[in-house]
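What follows is a single structure, written as structure tokens, with notes after it.
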Amino acid sequence: MTATEVQPASFRSPEEVPVGTVVFDRDADMVAVVRDVRGLMVGLERPTGLTWDVAYRRLRPGTEHEGRQLQALAALQRARLRGMP
């Protein structure tokens, strides 16, 4: 995170967690994309296919930098699937 980039606050309710957005899971210490919201739990997914569920209160919106990290990971995963070691 850069000096000018402020860390976003946590979500106040599960309704504030839109499907398809980049979030940071404080428990897993990882950035992921929201795949679904079920009650108080949010399903997350990484470009590698890793999926997990977490309580919405443990999430915060991802920063621009974290979104770029996730895009880079997705590009790397696509290259690996094409046969890059």
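The values are calculated or read from the model by the stated rules, or taken from the named source; none is laboratory data. As the structure is a prediction and not an experimental result, all values here were calculated from the model. Because the Cβ atoms are built from the backbone with ideal geometry, glycine has one as well, and the counts that use them run over all protein chains shown.
Some points to look at:
- Segment 40-51, residues that are loosely packed, with under 15 Cβ neighbours inside 10 Å, out of contact with any Ser or Thr (no Cβ under 8 Å at 6 or more places or on another chain) and closer than 16 Å to Val19 by Cβ: Leu40, Met41, Thr51
- Selection within segment 14-34 - more than 17 Å from His65 (Cβ to Cβ), assigned to a loop (DSSP other than H, G, I, E, B) and either of a type in the set (Asp, Glu) or at pLDDT below 95 (or both): Asp27
- Restricting attention to segment 35-59, the residues that are at pLDDT 95 or above and either more than 15 Å from Ala74 (Cα to Cα) or small (Gly, Ala, Ser) (or both) total 17.
- Filter result (touching a Leu at 6+ places or on another chain (Cβ under 7 Å) and without any contact (Cβ under 8 Å) to a residue 24 or more places away in the chain) within segment 35-49: Arg35
- Note on segment 11-34: residues that are over 23 Å from Leu73 (Cβ atoms) and surrounded by 14 or more Cβ atoms within 10 Å (Cβ to Cβ) total 1.
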